[in-house]
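Visitor: Have a look at the structure that comes next, please.
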Amino acid sequence: MTSENPKTTISNLDGATSSMEVRGFNLNELTQSGGFEELAYLLIQGERPGEKEKKAFGEALLRGLELETQTRFAVHAFQKERPPLVGLRSFVSRLGSLELLPQEALWAGAQILAGMAACLAGFVRLSQGQPLLSPKDSPQQDGGFVARFFFLSFGRPPKQPEERALDRALSVHAEGGLDLTTSVVRSAASAETDLVSALSAGLAIWNSPIQGEVSARVSQALGEIGTPAKAQAWLEKELGSHHRIPGFGHWVFQKEDPRARILAEELRNLSRFRNSGSELAILQELIPLVEKELHLAPNVQLYTGPLFSALGFPSPFFSSLSACGRTPGWIAHYREQRPQALA
């Protein structure tokens, strides 16, 4: 199979050309031009925003990053749950129980996405023994959603290569076609559940060894390999034990995953910026070995963990980060499956 069965108008994954379109637009071009905010709008609303719409959506995202007092207490409580993705799912479920979400999909999506990002940033801060921050604490008040999310996580504004890398990383995870997690979200929508319940179902499946946890398993594998010279021996040991090699193979992109190509570029840029590239060097040695032995190409998860790690995020948060990125896509599929539920 080289192309998925066309049961959705939201995206098209073409294995024959190793390309991906979202709402009719090339994914790589979207990550180069509009960025994650515009891609999220496009997915949820079905069309690219004009300047007025983009400004309103961006302001809604920034407002959503400011957590009220009771929600900040909830972040402290949910941070104790393991893995962090379970705490993030509890946070999302809480949004639904409060019945405070707007009925319009775009604004509900902005509130959910921003709340998840603020919650996750709080988890990162608390894991390092640091207090939660407010977007108002940032010395740069002209940054967008991704820049503010980075600040809430690390207490400093991102440098330009860091902001670009994080923006594109979230963007490539925003939509994955009719994969397992999306199918679960759509099944929940078919059962006439509310949006938050459907998203919680998607998050539950994302918290699995073959979905969101793959990126952390890649980083674990790179740690086990240690140096490029040991990649061959490690691969032989893993294959001899009949272990799955994380980060390789895809149900549609059998030749090349275009999302992996985007993240590989950002990992190279970030490695040059930080003058470090040990994991990249190991990947460059490992990839041709796996391709020769298993005839499997890298998928998006192969570069997700190393990129998030290069940005400073600890590995337990990798799956939660990619889940935040995927949320606009899940909302889009919920709307397509149950169009009458949200305005």
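Every number in this text was worked out from the coordinates using simple rules, so none of it is lab data. Just so we're clear, the structure is a prediction, and the values are computed from it rather than from any experiment. Positions of Cβ are generated from backbone atoms using ideal geometry, with glycine treated the same way; all protein chains shown enter the neighbour counts.
Visitor: If you fit an axis through the alpha-carbon atoms of helix 195-206 and take the longest principal axis of the Cα set of the chain, what angle between them do you get, 0 to 90°, nearest 10?
Guide: So the helix axis and the longest Cα principal axis differ by about 20 degrees.
Visitor: What pairs in Lys159/Lys292; Lys7/Lys55; Lys159/Lys230; Lys52/Lys136 have C-alpha atoms more than 28 Å from each other?
Guide: Checking Cα-Cα distances, Lys159/Lys292; Lys7/Lys55; Lys159/Lys230 exceed 28 Å.
Visitor: Determine the distance separating the Cα centre of segment 231-304 from the Cα centre of segment 27-70; give it in Å without decimals.
Guide: Between the Cα centres of segment 231-304 and segment 27-70 lies a distance of 31 Å.
Visitor: Using a Förster radius of 22 Å, what is the FRET efficiency between Arg82 and Glu224 based on their Cβ-Cβ separation? Nearest 0.05, please.
Guide: Efficiency, rounded to the nearest 0.05: 0.50.
Visitor: If I take every Cα pair under 8 Å that is 6 or more residues apart in segment 262-331, average their sequence separation and divide by the length, what percent do I get for the relative contact order? Can you show the working numbers first?
Guide: Details: 31 pairs, mean separation 22.2, N = 70.
Across segment 262-331, relative contact order equals 32 percent.
Visitor: Taking 0.36 nm per intervening residue step and subtracting the Cα-Cα distance, what contour gain separates Arg156 from Glu59 on full extension?
Guide: Separation in residues times 0.36 nm, less the Cα-Cα distance, equals 32.9 nm.
Visitor: Same structure, new question: Place a label point 7 angstrom from the Cα of Ser127 along the Cα-to-Cβ direction, then list the residues of segment 40-83 whose backbone nitrogen is under 11 Å away.
Guide: Inside the label zone: 82-83.
Visitor: If I stretch the segment between Ser19 and Ser190 completely, what's the gain in nm (0.36 nm per residue apart, minus their alpha carbon distance), one decimal?
Guide: Details: separation 171, 0.36 × 171 = 61.56 nm, distance 2.91 nm.
Here the segment from Ser19 to Ser190 would lengthen by 58.6 nm.
Visitor: May I pose another question? Give the calculated FRET efficiency between Glu236 and Glu256 to the nearest 0.05, with a Förster radius of 35 Å applied to their Cβ-Cβ distance.
Guide: Approximately 0.90, to the nearest 0.05.
Visitor: Compute the long axis of helix 84-98 from its Cα atoms, compare it with the longest principal axis of the Cα atoms of the chain, and write down the angle in degrees, 0 to 90, nearest 10.
Guide: Between the helix axis and the principal axis of the chain, the angle is about 20 degrees.
Visitor: Using a 10 Å Cβ count of at most 11 others and DSSP loop calls, identify the longest part of the chain lacking such GluC sites (Glu not before Pro). Write down the numbers at each step before the final one.
Guide: Details: sites that count: Glu47, Glu68, Glu99, Glu192.
That gives 193-343 as the longest site-free run.
Visitor: With everything on Cα atoms, drop me the angle between helix 145-154 and the longest principal axis of the chain, reported from 0 to 90° to the nearest 10.
Guide: So the helix axis and the longest Cα principal axis differ by about 70 degrees.
Visitor: Suppose the Debye formula is applied to equal point scatterers at every Cα of segment 214-311; what is log10 I(q)/I(0) at q = 0.10, 0.17, 0.21 Å⁻¹?
Guide: Debye curve over Cα of segment 214-311, log10 I(q)/I(0) at q = 0.10, 0.17, 0.21 Å⁻¹: -0.23, -0.70, -1.08.
Visitor: Follow-up question, since we're still on this one. Which percent of the Cα-Cα distances in the chain go past 29 Å?
Guide: 35 percent
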